[in-house]
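Here is the structure we will look at.
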Amino acid sequence: MFDMDVNVGKTDQIFRVVGGILLGALSINALIDTCVPDIYSPIFGAIALIFLATGFSRKCPVNKLLDRSTVEE
């Protein structure tokens, strides 16, 4: 089930990692400050973890389901 080929390219990887860091920071900030309602903190946190996991592993199950790859040849 977890035997996937790399299907996330370098540019996509950078966007995922940076987006994950930004969403993680927004999630923490939602708990500390009142920039967004507290209810959104776990949502932002979960999406941040998904972005970071797929960015660092360079394997995305959604890309696999859609038979898509952003790896530059």
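The values are calculated or read from the model by the stated rules, or taken from the named source; none is laboratory data. The shown structure was predicted, so the numbers you read here are calculated from the model rather than taken from an experiment. Counting neighbours? That spans all protein chains shown, and the Cβs are built from the backbone with ideal geometry, glycine included. Ligands, DNA and RNA are stripped out before the accessible areas are found, and what is left, the full protein with its side chains, is counted by its heavy atoms. Shrake-Rupley method; radii C 1.70, N 1.55, O 1.52, S 1.80 Å.
Scanning the stretch 2-25 for residues that are among the polar types (S, T, N, Q), assigned to a helix (DSSP H, G or I) and open to solvent by less than 70 Å² (accessible area, probe 1.4 Å) yields a count of 1.
If you go through the stretch 26-39 and keep only what is assigned to a helix (DSSP H, G or I), more than 27 Å from VAL8 (Cα to Cα) and touching a helix residue (DSSP H, G or I) at 6+ places or on another chain (Cβ under 7 Å), you end up with ALA30, LEU31, ASP38. In the condition set (1) of a type in the set (S, T, N, Q); (2) touching a Leu at 6+ places or on another chain (Cβ under 7 Å); (3) in contact (Cβ under 8 Å) with a residue 60 or more places away in the chain, THR70 is compliant with all but (2).
A single member of ILE39, ILE32, ILE28 is open to solvent by 90 Å² or more (accessible area, probe 1.4 Å) and modelled with pLDDT of 90 or more, and it is ILE28. Considering the stretch 51-65, and only residues there that are open to solvent by 100 Å² or more (accessible area, probe 1.4 Å) and under 16 Å from ASP12 (Cα atoms), the residue that is modelled with the highest pLDDT turns out to be PHE56.
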